[in-house]
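One structure is given here, and the rest of the page talks about it.
The values are calculated or read from the model by the stated rules, or taken from the named source; none is laboratory data. Owing to the predicted nature of the structure, the values given are computational and were not obtained by experimental measurement. Every residue, glycine as well, gets a Cβ built from its backbone with ideal geometry; the counts of neighbours run over all protein chains shown. What goes into the accessible areas is simple: the full protein's heavy atoms, side chains included, and nothing from ligands, DNA or RNA. Shrake-Rupley method; radii C 1.70, N 1.55, O 1.52, S 1.80 Å.
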Amino acid sequence: MAQERRVHRGRIQQVAAETTVSTSRLTELLERIADVTVIDDYLEKAWRSSSSTVELAFQNPPSDFVFAIPDSEWSTIFESIDVEEDEATAAKEWHSIRAHDLLTSSERSHELEEGHSYLVVPIQDIEVWRRSRLVLSWWFQELAEDGLTPPEILDYWMTEELGNAPKEWASQRDVHPEAVRKNVRQAREKLIE
């Protein structure tokens, strides 16, 4: 059974009341935006792409992730769903308000770069999210029971399982690539024993 998306209905009504876009049309646009914004793509841009200007501003599983994205990303989103200018403005306004609500309720702050705005991406299937986190935690526990240290587990996971190049992952960890390679090598040796 597909789970219904969590869209803050009150904020839709608020934004619609302040624009020329109806509540039903804004709801439809937000659903279409959610259909074309894949959380994995934005997480990859935020975490793995050194040339990307997408930033993860907030995460609150099991509900929403908030990304700070450049206006060019919004242009791509709007082109894919074919919206009018006033509709695009209303949709961006809803995302901005929702992001501020999430940041405020969690007592976090975030400074937007010029030419950026917020994109709120809901987790589409919370049960899949929960199961994947549980399975991952079991896998990490198993690796720890096999004698791997936390750095070995992390480096092994990020390079061997997720396919990051040791040099790229080392730069994200702010360590020398050889340290990552050594951890991965030691992890492999412990897993073979």
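Within the stretch 163-177, the set of residues being at negative phi, open to solvent by less than 80 Å² (accessible area, probe 1.4 Å) and either modelled with pLDDT of 95 or more or outside any helix (DSSP H, G or I) (or both) comprises N164, A165, V175. For the stretch 134-141, the criterion of a residue being β-branched (V, I, T) and exposed (fewer than 14 other Cβ atoms within 10 Å of the Cβ) is satisfied by at least one position.
Checking each residue in the stretch 145-159 for being in a helix (DSSP H, G or I) and open to solvent by 50 Å² or more (accessible area, probe 1.4 Å) picks out E145, P150, P151, L154, W157. Just one of the listed residues (D41, D101) is under 30 Å from R173 (Cβ atoms), out of contact with any strand residue (DSSP E or B) (no Cβ under 8 Å at 6 or more places or on another chain) and surrounded by 12 or more Cβ atoms within 10 Å (Cβ to Cβ), namely D41. Across the stretch 34-48, the number of residues qualifying as assigned to a loop (DSSP other than H, G, I, E, B) and over 13 Å from V66 (Cα atoms) comes to 1. Which residues, taken from the stretch 80-112, are over 15 Å from E31 (Cβ atoms), free of Cβ contacts under 8 Å to residues at least 24 places away in the same chain and assigned to a loop (DSSP other than H, G, I, E, B)? Of everything in the stretch 80-112, those that are over 15 Å from E31 (Cβ atoms), free of Cβ contacts under 8 Å to residues at least 24 places away in the same chain and assigned to a loop (DSSP other than H, G, I, E, B) turn out to be E84, E107, S109, E111. In the stretch 113-133, of all residues being assigned to a loop (DSSP other than H, G, I, E, B) and at pLDDT 80 or above, the one that is surrounded by the fewest Cβ atoms within 10 Å (Cβ to Cβ) corresponds to E114. Among the residues of the stretch 51-79, just one is assigned to a loop (DSSP other than H, G, I, E, B) and buried (at least 18 other Cβ atoms within 10 Å of the Cβ), namely V54.
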